[in-house]
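Written below as structure tokens is the structure these notes are about.
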Amino acid sequence: MLKLFPELVEHDGLIESDLLSVGAPPGLHQPQGTFWIKADHALPIAGSIKARGGIHEVLEFVENLAYKHGLIVDDGSYLSLDSAKAKAVFRQYKVAVGSTGNLGLSIGIISAALGLQATVHMSVEAKQWKKSRLRANGVTVLEYTGDYAQAVEAGRLEAAEDPYAYFVDDEKSVSLFAGYAVAASRLQQQLHKKNIPVDAQHPLFVYLPCGVGGAPGGVVYGLKHVFGKHAHCFFVEPQQSSCFLVQMQHPEHEGISVYDVGQNNQTEADGLAVPAASLLAIDAMRSRLSGIATMADEYLFADLYALQSNEGLKVEPSAAAACSGPRALFNTTQGRQYIEANGLGDILDNANHILWTTGGLFVPPDEYHEYLARGATVNQQIFAAS
């Protein structure tokens with residue numbers, strides 16, 4: 001990977017992000033504990049949390065191809081996968097994915113770098129700059145006027161007709177899920193280096209933006225495996241695209257859509273604009289997830305602005321959703337009830353809160369400045385009285 005992507009040198013070839021100390025998000029009523037950001041908004045190669053799962057699955061696919069075609073040399077070195085012989089094999093194969101943007105960037109960029117054909121089926125919510133970035137990296141982008149579900153289904157059907165095509169299925173992939181789950185052990189190492197305990201007297205709260213649920217679900221699966229009951233994990237969704245919450249509330253209606261309950265799936269958080277949740281993630285989260293918060297789109301921009309103003313961090317709107325998690329915990333009746341029901345009230349001062357920022361590194365400057373301008377206005381409106 002270092003040969004293909006020299007920017008990975010900072011983390012010795014690993015796709016990893018920093019754990020940053022930050023202040024509490026604005027608008028919190030009597031916050032307790034220490035706040036951190038897991039900076040997946042700055043992950044190299046793809047610039048989002050999707051790099052964890054997407055690149056893992058493509059590398060797994062390529063490894064299987066390499067063994068099938070005898071490309072791994074006798075010493076077990078993977079450097080031969082960047083050879084002309086390997087590229088001649090790989091270019092026969094196509095990797096496809098349906099995406100609102102960030103997973104497409106992850107899959108497309110690594111696939112093209114390895115010499116595979118890459119096609120990304122992109123829904124109407126996808127930002128133009130993400131399509132342009134993919135095309136600049138040699139990826140075929142197919143655009144749809146429908147939502148995420150339509151793009152995924154189109155990609156799935158097209159790949160099924162091509163024996164040389166491999167479809168990365170964000171709704172059903174165990175490989176993606178496993179790639180995301182690795183983040184938990186990496187976080188454990190970072191906490192250990194900072195001498196931050198996670199135990200009965202030092203609870204860990206983690207807040208993750210949620211779209212279809214695969215990425216945050218994988219992370220939470222890993223966190224619960226590593227930290228058990230001492231990790232309290234929450235998803236955050238847009239009010240009009242809360243597909244995970246809808247499915248959790250209606251277990252008897254497998255595959256229920258936000259449209260079925262009157263939501264319109266319209267949100268500025270392109271990566272979270274998903275009508276129906278991953279059933280794989282739903283099954284894994286029923287016994288592991290602590291709760292789900294929803295927020296209005298105005299908070300995305302208010303928090304994006306606050307992260308830049310207070311912490312110097314550049315995130316995209318969907319990543320700023322994590323900041324609404326602590327407000328749901330500290331500022332609502334349901335949040336306080338969760339604290340009391342779990343016996344956390346007396347130890348909250350010892351708690352660590354992690355806001356998982358999931359994307360933003362490659363947002364073009366002009367577009368980002370528009371986000372900031374909008375955020376400056378709504379930030380004053382929302383938090384002025386706080």
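Every read-out reported here was derived from the displayed coordinates using simple, explicitly stated rules and does not represent laboratory data. Please read all numbers here as calculations on a predicted model, not as lab measurements. A quick note on method: Cβ atoms are made from the backbone with ideal geometry, for glycine too, and the neighbour counts reach across all protein chains shown.
Straight-line cross-link partners of K224 among the aspartates and glutamates, defined as a Cα under 14 Å from its Cα and at least 8 positions apart when in the same chain: D199.
When the chain is treated as a Gaussian network with alpha carbon springs shorter than 10 Å, the biggest mean-square fluctuation among P203, P317, P364 belongs to P364. Modelled label positions at D18 and D346, each set 7 Å beyond Cα in the direction of Cβ, lie 3.8 nm from each other. Treating each Cα of the range 240-386 as one equal point scatterer and applying the Debye formula with no solvent, the log10 of I(q)/I(0) at q = 0.11, 0.13 Å⁻¹ comes out as -0.50, -0.69. Taking the fewest neighbouring Cβ atoms within 10 Å as the starting point, the ordered list for K131, K68, K50, K87 is K68, K87, K131, K50. As a length-normalised measure over Cα pairs under 8 Å and 6 or more apart, the relative contact order of the range 308-386 settles at 41 percent. Measuring r between the beta carbons of K85 and Q249 and using R0 = 56 Å, the FRET efficiency lands at 0.60.
Judged by the mean number of other Cβ atoms found within 10 Å, the most tightly packed of the peptides 282-288, 186-192 leads the ranking 186-192, 282-288. Just so you know, the averaged projected area of the alpha carbon convex hull for the range 73-164 sits at 6.4 nm².
Semi-axis lengths, largest first, of the ellipsoid equivalent to the chain are 34, 23, 20 Å, with √(5λ) applied to each eigenvalue of the Cα gyration tensor. Charged side chains reduced to their Cβ positions (Lys and Arg at +1, Asp and Glu at -1) give the chain a dipole of some 540 debye around its Cα centre.
For the range 128-243, what log10 I(q)/I(0) values come out of the Debye formula at q = 0.13 1/Å, with one point per alpha carbon and no solvent? Values, matching the q order: -0.70. Our note on the geometry: Cα centres of the range 65-143 and the range 252-298, 28 Å apart. If a spin label sat at a point 7 angstrom from the Cα of H225 along the line to its beta carbon, the backbone N atoms of the range 159-186 nearer than 13 Å would be those of 174-186. Averaging the sequence gap over all C-alpha pairs within less than 8 Å and six or more residues apart, then dividing by the number of residues, gives the chain a relative contact order of 20 percent.
Using a Debye calculation, one point per C-alpha and no hydration shell, please list log10 I(q)/I(0) for the range 197-307 at q = 0.10 Å⁻¹ in order. Here log10 of I(q) over I(0) equals -0.30.
Protection proxy ranking of 333-343, 158-168, 57-67, 208-218, by the mean of other Cβ atoms within 10 Å over each peptide's residues and highest first, is 208-218, 57-67, 158-168, 333-343. By the count of other C-beta atoms within 10 Å, a proxy for reagent exposure, C323, C233 are ordered fewest to most as C233, C323. When all alpha carbon pairs of the range 277-324 are counted in 10 Å bins from zero, the resulting P(r) reads 25, 35, 28, 12 %. Per the Cα gyration tensor, the range 204-243 maps to an equivalent ellipsoid with semi-axes of 21, 10, 5 Å, ordered largest to smallest.
Report, in listed order, any pair from K94/K127; K50/K127; K194/K229 with a Cα-Cα distance greater than 18 Å. Where the Cα-Cα span goes over 18 Å, the pairs concerned are K94/K127; K194/K229.
Close amide-amide hydrogen proximity is noted between V236 and L208, C210, A293, each under 5 Å apart and 5 or more residues distant or on a separate chain (H modeled in the peptide plane; Pro and chain starts excluded). Counting every other Cβ atom within 10 Å of each residue's Cβ, F205, F244 order from fewest to most as F205, F244. The HN-Hα couplings worked out from phi for the range 190-205 by the Karplus form 6.51 cos²θ - 1.76 cosθ + 1.60 (θ = phi - 60°) are 5, 4, 4, 5, 8, 6, 9, x, 10, 7, 4, 9, 9, x, 10, 10 Hz, whole numbers, x standing for Gly and Pro.
Computed over every Cα-Cα pair of the range 1-58 and binned at 5 Å starting from 0, the pair-distance distribution P(r) comes out as 4, 17, 21, 20, 11, 10, 8, 6, 3, 0 percent. Ignoring aspartates and glutamates fewer than eight residues from K68 along the same chain, the ones with Cα atoms less than 14 angstrom from its Cα are E60.
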